[in-house]
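Structure first, then comments.
Values in this text are rule-based calculations from the coordinates and carry no lab data. These numbers were taken from a predicted model, which means no experiment stands behind them. Every residue, glycine among them, receives a Cβ derived from its backbone with ideal geometry; neighbour counts consider all protein chains shown.
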Amino acid sequence: MRRCPYLEEYYKDRLGPIRVYHFDCHVDHRSKVKRSLRDSPPICVRNYEDCPLYVAEKRREDGLITRYTD
């Protein structure tokens, strides 16, 4: 499974029937928690290309690379 390159830490706890996902995003420097009754990981693990934080950071980095290669 592919994960977001900006994902710093990711782990899952099970508290009875509830799954608790803990993940840290390098882009916004925040720790986040997602709770779910079924196995539904955060967008960083599922489909990170749709994450607005990933898209913005990737665009910023691509702009820097383009600027230095021109």
**Study point:** Subset of the stretch 1-35 [exposed (fewer than 14 other Cβ atoms within 10 Å of the Cβ), in a strand (DSSP E or B) and over 14 Å from the mean Cα position of the chain (by Cα)]
**Key:** Asp13, Arg14, Leu15, Ile18, Val20, Arg35
Practice item. Test Leu53 against the stated conditions and say whether it is part of a helix (DSSP H, G or I) and in contact with an Asp or Glu (Cβ under 9 Å, 6 or more places away or on another chain). Key: yes
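Taking the stretch 36-48 as the search range and keeping residues that are surrounded by fewer than 11 Cβ atoms within 10 Å (Cβ to Cβ) and of a type in the set (D, E, K, R), which one is nearest to Arg2 (Cα to Cα)?
Filtering first and then ranking leaves Asp39.
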